[in-house]
Every structure is written in C-alpha cells, then in structure tokens.
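We did not get these values from a lab; they are worked out from the coordinates using the rules stated. For clarity, every value in this text was computed on a predicted model and none was experimentally measured. No Cβ is skipped: glycine too gets one built from the backbone with ideal geometry, and neighbour counts run over all protein chains shown.
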Amino acid sequence: MKLVLAAALVTALALAGSRFSFLHLPLAGVRGSLWVRNILLTGTEFIFIGLLLGSPFLGILDDMTLVGLAPILGMGLSWIGLLFGIQWQVRRWDGVVRSGLLPALVQAGVVAVIITVPFYFLLRWSLDLSHAWCLVGALTLGAAGSDTAQSALALVGRSARGEGRALARLLRLVADLDGLVAVVVFGAVCWLPVLHGDTGSVGLWAALSVGLGVVMGLVVVALTSYQLAEEELLLVLLGTVFSGGGLALYLSLSPLFVNAVTGAVVANLSQERVLRSLQSLLVRGDRSVYVLFLLLAGAQWHPSGWSVLLLAGAYLMLRTTGKLAGNWLAFRGVVAPAVRGHMGLGLLSHGGLAIAVVVNLQQIHDGGSPVVDAVTTIVLVGVIVSELFSPALVWRVLGGARPMPSS
Amino acid sequence: MALAMLAALFAVTTWIDTGPAPGATPTFIAGLVLLLGHIAGHAIAAIGLPRISGYLAAGLLLGPDLLGVISTPVAGQLHFLNELAVAFIALAAGAELHVAQLRARLGLIGWLVVSTTLVTCLSVGLIVFVAGPALLPFAAGLTTVQMAAVAALIGVVAVARSPSSALAVIRECDAHGPFSETVLGVTVAIDVVTIVLFAIALSTCQALLSPNGALDLGFALMVLVEIAAGIVSGAAIGMILSFYIRRWPDNIALLLLGTALVVTEIAHGTARYVQDTHELPLHLEPLLICVAAGFVVRNVGSSGAAFSEAVERVSLPVFVLFFTLAGASLDLQALRRTWVAALTLVAARSSSILAASWAGAAIAGDQSSGRRLFGFTFLTQAGISVGLALEVVRRFPEWGEEFATIVVAAISVNQVVGPVAMKYALQRVGEAKRT
C-alpha cells in the first residue's frame, strides 16, 4: 500500500513539477529574492521536497519504499541515457558542432581530473576508505562535476543581446556536449570490480557495457526498420528502456552509459524519420523524469556530518577552478582571451546528468554506505549552491562577451 | 534478427550473476515482455490472427510451463504492473462508452445482455448438472441440490467476458462503427451483471452446501453496496479527472497511470481496512471504479476527446504487457489434466453465446449485417472470471481448487479462441480498418 501510494505521490509531484517549475514560471511572477527565484526556476526545490519526504523527516519515501521504486528509477536512468545518446548523430553534425566538440570535451575532462585527483586523497583522509572505494567516490564526483546543466543558460541565455548572443550559443553547445565525459567516466566507474563483488575485470565489464548498449541499439534499429505507428514506436522505446536499464542494473553496470551507447547506435543507424519520432517521444517525458530524479535523489539523501559539508565546499571550489582552467585551456583561439579568462563561470550550472550519476550510484550500490552518502551530499549541496549563483554568473559572462570567429 | 539478439542478451544475464541491484529483474523482464510481445504480435498478425494472440503466445513461451523466464516469483514481482494495466484498460473501456453514440442502440444492447446472460448461464449450468461427476469428479459426493448449486456457479462464471480483450482487438483493428460500440457496451455491462449474479449464486450455494444451511443475504447485499460504491467513487474520480484535463491538457497519460495506480491500491486497501475493522468482506472492484471514471470523463464535460486520444496513445504498451503476462499465467498443466471438462465447457458456452446473441439481436429487431456475428465477439474471457473462480476456492476450500482448475482451463481456451473469433467478426462486418 505504502509503496503504491508513494509511487502515486512521486508521479503527481513529477507531473506538477514538470508543469509548474523550470522555465514555465514567468520571472516576473515569482516574488522574493533572486536566489529563491533561481531555485524555483531550475527545479532545485524538488531536492528539498524529496529530502522532506525521505526517511530523515516524514518517512513517506523511506528506504524500503525506495527499493520498491527501483524499477522506476532504472527506467528513468535509461530514459536519460537514451535521450543523451540519441543526440550523437554524427552524420548531422555541422561545422559548429565539429569545431566545438573537442574543446567542450577537453574542458570537461580538465574539470573531471581537477576534481578526481584531490578527492581521491580527501576521501581517503576524511572517510578512511579503501583504495577501490576512494576511486569510486572520486571518479563519480569527477564525472558529476564535469557536466554543465542547461538550466541557467536557458534561463539567462535567451535574453542575451548583441555579442553576448554568440557566446550564449557557444556556452549552450558546450553544455550540450560535455555530458559525454560525465556519462563515460561514470560508465567506467561501474567497470571497477569492487562494484561487482570483486569479480571479473575492468575489461570484461567494459566489454559487457559497450556490448549491451550496441546489441540493444541494433535491436531497436531492427525493430524500427519497417513502418511503425507512433504507439508502436512508444512500445519499442519503453521495451528498450526497461530491458536495457534492467539488464544494466542486473549486471551492476550503468544504465546511463549502456543506454547512451544504445542511443548513439540508434542515432547513427536508424532512418531519419524514426529518429525524429523517437527523439520527440523521449523529450516529451524528459522533464518529468528529471523532477523524479531530483525528488528521489533528495529522498535517498542522508545528510552526513559537517565534515562532508566541508568536502562539498572543496568540491565547489575545485569545480569552479576546473571550469575556469578547462575553458581557458580548451578555447584558445576560439574565444577572445578577455572572455576566455572567466568563460568557465558561465558553465557552472549544475544538475541534470550530475543528479542522474548520483542516483545511478545509489542504485547499483546499497544505500547507507559511507561513500554513497558522502558523494550524494557533496553533489546535492554542489547542485543547490551552483543553481543559486549560476544564473547571475552566466549573465555576467554574457555581458562582457566577445567571442572570436572560429578560424 | 532482433529475436536472436534478445535471446543472446538473456543468455548473458543467466551466465553472469553479480547480485543484481534492487528491481533489476522485474525491470528487465518488463522490457523483455514488451519487446517480445511486439515481435510476436507482428509475427502472428502476418498470418491473419489478432496480435493479442501473439502476445498470449509470447507469454506462454516465457511462462513457467515452457521457458520459465517469467517464473512464479517473477510473476509475483510483476503483479503490480498487471494490476495497473487492468485499471488502465478499464479506464480506456469506460472512455469508449459514448452515450451520444450508444443511445440509439440501448435496446439492442439490453436484449443482447439479457439473452446471452440467461441462455449462457442456464445452458452451461444444465449441461454441468446433467453430466455431473462425469464432468466434475469432485462432485461425486454431492446431493442433487448441491450439484445444482455448483452447476449454477459454473453457469454464472461462464457469463463473464473480457472487456480488455474486446478493447484490444477493437483498437488493433481500428474498428469504428455501431457494431464495435454495441459489442463493447454489451461486454462492459455483462461484467457488472456477472458480479451481481455471482454474488447471488455464491450466497445460495453457500446456504445449500454449508452444514447450517442459512441463506447469506448479507453477502448479496454487500455486493450491491460494493457496486454502488464503486460506481459512485468512479464517477467522483471521473469528475476530478475531467476538471484536471480541461485545465491542463498535457501529460494526460502520466496522470492516467497515476490514477490507475491509486484506484487499485485504495480499493484493495479499503477492502483490507473494512475486513480488519468491521469484519465485512467489502471488495471495491478497481475495474468497476475505473470503467465508471472513464465513462464520466468521456460523457461529462468537454475533455472526453482529449482523454480518449491520450488513452489511445499509450494503450498499446499496456495491452502488450497485460496480455503477455496473461499468457504467462495460462496453466498448461491444468489444461492437460482437465482438457475434456474444459473443452466441454468451452463448447457449451460458445454455442449458447452464439445462439443467444442471434436471438437477442432478432428480438431487438436489429436488421444490420452484423446481427448474426455478435456472438463471435462475446467469446473472449479473462480477468474477472478468474477472480470469481478464486473466490469459490476461498469459500469452498474442500472442492474449490478442483472447481477453479477446470474453470481456469476453460478460460485459458476462451482467452486464446475469443480474440481470433472477434477479429473475424469485425472484419466480416467491415468495421475493421486495419487487418
């Protein structure tokens, strides 16, 4: 009874969230400080609602109930993964995407390294974890930190004027592409034998991850190779999302990564018509799935002690440093030096894939473990704080924008 | 090729087991059910049979009697999805009942309900009564009166139909027109009539078979209360849905799934609560509540069309899931043990439905080309009849199991034969736009 009512409550909140939060809310209609508006407009409030519903407070979404809701989370992770992967249609890339891809990945890679390396030692020192678990925690944080959410850019970028508009487009492109580092790095975390009861090897789990994704992609391509009505496409899509996610979870792999590979295979081998329809179906559920993640990530959050808050502070600092350094390094010759110096501040918006990465870690590893609790707290605090400041920072960056023409 | 790749994937999972994450198995099996159901549906449609038969076949193949992919524990984990699907299909069935279109055919619907109910119940009951222990070995020790009570129960169960199968075939064929609307109207109405008749038959049977022999009128009264409460609460939910859809017409599919979820669980929860606190066997039927809700949304206010459209958009995955899981639950062992009795019941039921439908249409003065074909659309049977058989097991544990085995075996045959006959009728009448 409780499970089903919890599922209904979560569904209702996801429904309401997708409707009333994010950019649906007119800026002028929200009273209160700019920070409160930022929270409401980016949907971050659902983390708090989830936390309130979780076991530390109301207990409606307690640990047992969350286990029962695992299939919904598995499906959600697969949905996000598939949607991410299906955008990687290489044959449709124009010059802008081709020239922006490498810098976007380099900046995200720099952020991942700048977070991962110090956090390996910080986790070892503060939580007294083994080498393998420190690696899991640090790489997960690196993956989560490397991604840029679209929320602040969508919020502020639309109103950019003059030269700021070109920079806003570039920032959005980077935010579109840099998720690849997060998906791949976290996919690789799930290849570590420690997450498989110390069985198998990195190579075996890597091959299985990629293999599953490719096979599922080929299944979709085969099933959609003849004319299908929209409801049949939905059927194939749901079948793929459920079975891909279920299989990945069954093997303690990342549904996010496996389904991103599936999506990429579908994007590059399917007919254009099928691809457009699949994208449209996936986008339709995207916002509800994201609200669901925010809620359940909040519900699974067991806020750790003050020491973890210090780690969250370190995470924010390292991420900011990484974004500044990464963009300065990656966009040499693409963006004017004066802008390049602080361009990273325009990419601090946090959420989306970072939340999905945390939820994925919670899914494949039992809740209550110190590393999962620490990573959850660090990333969620990071998301909340980033979403408070990032719209203002984006605005500042766009105000002084002078992107150079690509050479 | 897709099938081979899916088989390979399944082999991988059985080969490697690393202590799966919570919910991994049901998530994977649900996906497999959807994909295999889709493949089987298309394969069977290629030979002219309805896709629902393909879904059932896929379920049978995956079920515990053959491949064992959907084992009994896994089926238990997926039961939640099954109940959700039943409630969703009931919402969809209610939405198909458009009063403005049905008004002109209310007389025909009424006669078809009366004729098929009476004739089926009486003829199946009579055959069972005459055959006695030759057909039902468990009845060997029963007196004539007791045998009559058992025969009446089987007769009533034979009346039940399957709105979900009917709706699935109508949707698959994209059938629109007076014939399809009449069929669905009759099928839904008969399910309500069956619940009432069953309550009366069960009370009578209990009075005749129990040692103290008292007629339990309270039970029959409780059933009437259940039906009234189901319709009223369904209507209230329908009004709320109608208001919501009118204000916010997006994301209706998610809303409907949530509604189906809540209705199912609140109905079961209320039953448990009333049983625990007042020791009353109140069973609010989620099916009835959802049909009433769907009916109200379709016919009250202006959101009916948007509602129907949203239901239609997401109904295919629900049908595939429901019927593939239904296929997995078909009990081949029971059919092997009781096939003579089961086939006798199927033959008696089918012939009486065919004759009664023809007679009902004739009495109503129906002159349409479909008047001889109504019977073919009423052969489907599932869901509610299995529930009724299980209620008999609960009430009469000494012979209820054997009773249910025979009845469920007959239902399994009807579940397979019914959709084929229905598709044939829809095509013959010319209302099937897709073949």
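With no solvent and one equal point scatterer placed on each C-alpha of the protein assembly as shown, evaluate the Debye formula and give log10 I(q)/I(0) for q = 0.07, 0.09, 0.11 Å⁻¹, two decimals.
For the protein assembly as shown at q = 0.07, 0.09, 0.11 Å⁻¹, log10 I(q)/I(0) is -0.59, -0.90, -1.22.
Identify the chymotrypsin sites (Phe, Trp or Tyr not before Pro) of the range A:205-269 meeting these criteria: DSSP loop state and at most 14 other C-beta atoms within 10 Å of the C-beta.
Counting only loop positions with at most 14 other Cβ atoms within 10 Å, the chymotrypsin sites (Phe, Trp or Tyr not before Pro) in the range A:205-269 are A:Y226.
Across peptide B:264-276, how many C-beta atoms of other chains are within 10 Å of each residue C-beta, on average?
Counting other chains' Cβ atoms within 10 Å and averaging over B:264-276 gives 2.
Just want to confirm a number: the relative contact order over the range B:81-429, from Cα pairs under 8 angstrom separated by 6+ residues, in percent.
Averaging sequence separation for qualifying contacts and normalising by length gives 29 percent for the range B:81-429.
Residue by residue through A:65-76, how many Cβ atoms from other chains fall within 10 Å of the Cβ on average?
Across the residues of A:65-76, the mean count of other-chain Cβ atoms within 10 Å is 4.
Summing -39500 (n - 2.57) over the DSSP H runs of n ≥ 4 in chain B and dividing by its residue number, what mean residue ellipticity at 222 nm do you reach, to the nearest 500 deg cm²/dmol?
Computed ellipticity for chain B at 222 nm equals -26500 deg cm²/dmol.
Just the projected area, averaged over all directions, of the convex hull on the alpha carbon atoms of the range B:358-435: how many nm²?
6.5
Cα atoms only, chain A: Rg and Dmax in Å?
20.2, 62
Taking K and R as +1 and D and E as -1, what net charge do the other residues with C-beta under 11 Å from the C-beta of A:N327 add up to?
Summing Lys/Arg as +1 and Asp/Glu as -1 gives +2.
What span do the alpha-carbon atoms of the range A:218-336 cover on each of the three principal axes, reported in whole Å from largest to smallest?
The Cα atoms of the range A:218-336 stretch 55, 45, 27 Å along their principal axes.
Once you average over the residues of A:226-238, how many Cβ atoms of partner chains fall within 10 Å of each Cβ?
Mean partner-chain Cβ count within 10 Å for A:226-238: 5.
Given the DSSP H assignment, sum -39500 (n - 2.57) over each helix run of at least 4 residues in chain A and divide by its residue total; what's the result at 222 nm in deg cm²/dmol, nearest 500?
-24500 deg cm²/dmol
Using square roots of five times the C-alpha gyration tensor eigenvalues, list the equivalent-ellipsoid semi-axes of chain B in whole Å, biggest first.
Largest first, chain B gives 31, 27, 24 Å.
Could you work out how far apart the two model spin labels at B:T277 and A:W125 are, taking each label as a point 7 Å from the Cα in the direction of the beta carbon, and quote it in nm?
Taking the two extended label points, one gets 5.9 nm.
What nm value, rounded to one decimal, do you get for the distance between B:A7 and A:S201 when each label is placed 7 Å out toward the C-beta?
Computed distance between label sites B:A7 and A:S201 equals 3.1 nm.
log₁₀ I(q)/I(0) of the range B:148-195 at q = 0.26 Å⁻¹, via Debye over equal Cα point scatterers, no solvent, to two decimals?
The Cα Debye sum returns log10 ratios of -0.90.
Provide the net charge surrounding B:I52, with neighbours chosen by a C-beta distance below 13 Å and charges set as Lys +1, Arg +1, Asp -1, Glu -1.
+2
Compute the separation of the alpha-carbon centres of the range A:253-295 and the range B:20-41 and state it in Å as a whole number.
Between the Cα centre of the range A:253-295 and that of the range B:20-41, the gap is 18 Å.
Find, among the GluC sites (Glu not before Pro) in the range B:253-352, those assigned to loop by DSSP (not H, G, I, E, B) with at most 12 other beta-carbon atoms within 10 angstrom.
Here the GluC sites (Glu not before Pro) that fit, given the DSSP loop and packing criteria, are B:E279.
Based on Cα positions only, what radius of gyration and what Dmax would you give for the range B:294-435, in angstroms?
Rg then Dmax for the range B:294-435, in Å: 18.3, 53.
Of A:L77, A:L237, A:L51, which is the most mobile in a GNM of chain A whose springs link Cα atoms less than 10 angstrom apart?
Largest GNM mean-square fluctuation: A:L237.
Mind listing which GluC sites (Glu not before Pro) in the range B:324-422 are in a DSSP loop and have 13 or fewer other Cβ atoms within 10 Å?
The qualifying sites are B:E398.
Between B:R247 and B:T270, what length in nm is gained on full extension when 0.36 nm per residue of separation is reduced by their alpha carbon distance?
5.3 nm
Please give the net charge around B:A267, taking every other residue with its beta carbon less than 12 angstrom from that of B:A267, where Lys and Arg add +1 and Asp and Glu add -1.
So the environment of B:A267 carries a net charge of -3.
Exposed loop trypsin sites (Lys or Arg not before Pro) only (DSSP loop, at most 14 other Cβ atoms within 10 Å): please give the longest stretch of chain A free of them, not including the sites.
For trypsin sites (Lys or Arg not before Pro) (loop position, at most 14 other Cβ atoms within 10 Å), the longest site-free span of chain A is A:162-331.
Name the residue farthest towards the positive end of the dipole of the range A:2-399 from the options A:A175, A:H365, A:V258, assuming +1 on Cβ of Lys and Arg, -1 on Cβ of Asp and Glu, about the Cα centre.
A:A175
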